[in-house]
Amino acid sequence: VQLQASGGGLVQAGGSLRLSCAVSGSIFSFNDMGWYRQAPGKQRELVAGITSGGIANYADFVKGRFTISRDNAKNTVYLQMNSLKPEDTAVYYCVLKSPTIVRYNYWGQGTQVTVSS
């Protein structure tokens with residue numbers, strides 16, 4: 001299974017970015033997907049997740065600003081990030097959870113998001 005994330009970059013506070021993660025080597029529609037992030041000196045934290053059935057959940061710190069979605073025809077999961085804040089600066093990782101597995105068991109390589117004030 002391979003996860004290829006893209007879409008990171010440098011943006012000013014208040015701006016938007018859309019991350020994409022293309023998945024190969026798995027029956028995408030069967031998998032729960034998510035996004036984690038890790039800021040320098042901080043622990044990795046779950047940002048958002050979406051089930052195989054399309055039910056989304058979010059960390060409190062991104063609710064109302066970020067939207068996770070998936071396109072099963074394209075084997076791709078997205079993270080639309082609006083109203084970005086400097087504290088959103090982190091490496092963002094796409095993750096996949098195989099059916100019957102409790103935790104996310106596949107990770108992408110990460111994409112850097114930097115929000116300037």
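The values are calculated or read from the model by the stated rules, or taken from the named source; none is laboratory data. Predicted model, so just to flag it, every value in this text is computed and none were measured. Just the protein is used for accessible areas: all its heavy atoms, side chains included, with ligands, DNA and RNA removed. Shrake-Rupley method; radii C 1.70, N 1.55, O 1.52, S 1.80 Å.
Below is a table of values for the structure above.
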item	result
Segment 16-30 versus segment 77-98: alpha-carbon centroid distance in Å	13
Share of carbon and sulfur in the accessible heavy-atom surface of the chain [1.4 Å probe, %]	49
Average Cα contact separation per residue, segment 27-87, under 8 Å, 6 or more apart, as relative contact order %	25
Per residue, in Å², the accessible surface of segment 37-84 once ligands and nucleic acids are set aside, probe 1.4 Å	54
Pairs of lysine residues in the chain - Cα separation under 23 Å, sequence separation of 8 or more or cross-chain	5
